[in-house]
Amino acid sequence: MIVVATADFELYHEAVGELRSRGVTFTTVEPGDPLPDQTRVLITAPSDDVETDPTVSRVTATGDDVRRAVDEALATLRGGGGQTVVGVDPGTRPGIAVLSGQTVVAAFHVPLADAVEVIKRETDDAIDPVVRIGDGARLQGAKLINDLDGVAVELVDETGTTPYLGTGARGMGDVLAAVNIAQMSGKRIESREIEPTAGELQRIKERSREVSDDSRTIDEDLARRVAGGELSIDEALDEHRTREE
């Protein structure tokens, strides 16, 4: 069982809320009070003066990193957790799944522009994490690979990773694919250079026309820079307008 024992009010409030939201069995005690016999993990602040026996794992946290602490506590309860692995199903809105060992501890579905920040946040405090990115959506995947530094990245063959989605599961495919990608070993990679195809460039140009207020279509040079991650479509449209002034 998880026990929260802290004099830090913010940590207490955030930890209790996080544990309740996940449906976890836990209890709270005052620092220094005897721990229940079934205690296996203790969540405290670094400044709390508590004593534990060797059978109890202590996880320290502040109110700002409670989710990380709860993830660690749950991983301990499940048998020591394991390596942090982030699976990514690339695209304009990548699915992102964070696994601790074989347990999914977090999932996200965010715009491509936010994906690197999310991945870095989830791996910053992890020990020897790895990010596994599917090899589909080549342009978006290459951008993620090239923008991720300071963390090991693997390129995974994502064939067959998108599951069948039954009634009511619409929108979950990218995240579920990311879970499957996280569970597959890939090839270690540090960068990926992709030469966009004529079809990919055409789709970018068509997309620029769809999102512009003046039915404007960017040229191939700008589309190529968008494909390489140098510009967003909005930035390419702004540059296209500037050229005409």
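Among the residues making up the range 85-144, a single one is farther than 30 Å from residue 73 by Cβ, modelled with pLDDT under 95, among the small types (Gly, Ala, Ser) and in contact with a helix residue (DSSP H, G or I) (Cβ under 7 Å, 6 or more places away or on another chain): 91. Kindly evaluate residue 72 against the criterion of being in a helix (DSSP H, G or I), modelled with pLDDT under 90 and in contact with a strand residue (DSSP E or B) (Cβ under 8 Å, 6 or more places away or on another chain). Yes, satisfied. For residue 204, the conditions (1) in contact with a strand residue (DSSP E or B) (Cβ under 7 Å, 6 or more places away or on another chain); (2) surrounded by 17 or more Cβ atoms within 10 Å (Cβ to Cβ) are fulfilled apart from (1). Per the listing 97, 107, 126, the residue uniquely closer than 30 Å to residue 31 by Cα, in contact with a strand residue (DSSP E or B) (Cβ under 8 Å, 6 or more places away or on another chain) and either in the same structural domain as residue 23 (by TED's automatic domain parsing) or among the small types (Gly, Ala, Ser) (or both) is 126. The residue that is modelled with the lowest pLDDT, among those in the range 44-64 that are within 24 Å of residue 118 (Cβ to Cβ), touching a helix residue (DSSP H, G or I) at 6+ places or on another chain (Cβ under 7 Å) and not in a loop (DSSP other than H, G, I, E, B), is 63.
Residues that are closer than 25 Å to residue 197 by Cα: find the strands (runs of 3 or more DSSP E) completely inside the range 94-155 holding 3 or more of those.
Values: elements: 95-100, 103-109, 130-134.
Output list reads 130-134.
Could you check the range 14-39 and list, in sequence order, the residues that are exposed (fewer than 14 other Cβ atoms within 10 Å of the Cβ) and either farther than 23 Å from residue 107 by Cα or more than 28 Å from the chain's Cα centre (by Cα) (or both)?
Of everything in the range 14-39, those that are exposed (fewer than 14 other Cβ atoms within 10 Å of the Cβ) and either farther than 23 Å from residue 107 by Cα or more than 28 Å from the chain's Cα centre (by Cα) (or both) turn out to be 30, 32, 33, 34, 36, 37, 38.
For residue 195, the conditions (1) crowded, with 19+ Cβ neighbours inside 10 Å; (2) more than 22 Å from residue 86 (Cα to Cα) are fulfilled apart from (1).
Quick check on residue 166: is it assigned by TED's automatic domain parsing to the domain that holds residue 108 and farther than 24 Å from residue 85 by Cβ? Yes: the conditions hold for residue 166. Quick check, is residue 67 assigned to a strand (DSSP E or B) and among the charged types (D, E, K, R)? In short, no. For residues that are among the acidic types (Asp, Glu) and surrounded by 15 or more Cβ atoms within 10 Å (Cβ to Cβ), scanning just the range 148-179, find the one that is nearest to the chain's Cα centre (by Cα). Out of the qualifying residues, it is 174. Only one entry in 170, 207, 203, 225 is touching a residue at least 24 places away in the same chain (Cβ under 8 Å) and of a type outside the set (Ser, Thr, Tyr), namely 207. Residue 28: at pLDDT 95 or above and in contact with a Pro (Cβ under 9 Å, 6 or more places away or on another chain), yes or no? Considered against the rule, which asks whether it is at pLDDT 95 or above and in contact with a Pro (Cβ under 9 Å, 6 or more places away or on another chain), residue 28 comes out as no.
Taking only the range 196-245 into account, find how many residues are in a helix (DSSP H, G or I) and not basic (Lys, Arg). Qualifying residue count for the region: 26.
The values are calculated or read from the model by the stated rules, or taken from the named source; none is laboratory data. These figures come from a predicted structure and were not determined experimentally. Please note: Cβ atoms are built from the backbone with ideal geometry, for glycine as well, and neighbour counts cover all protein chains shown.
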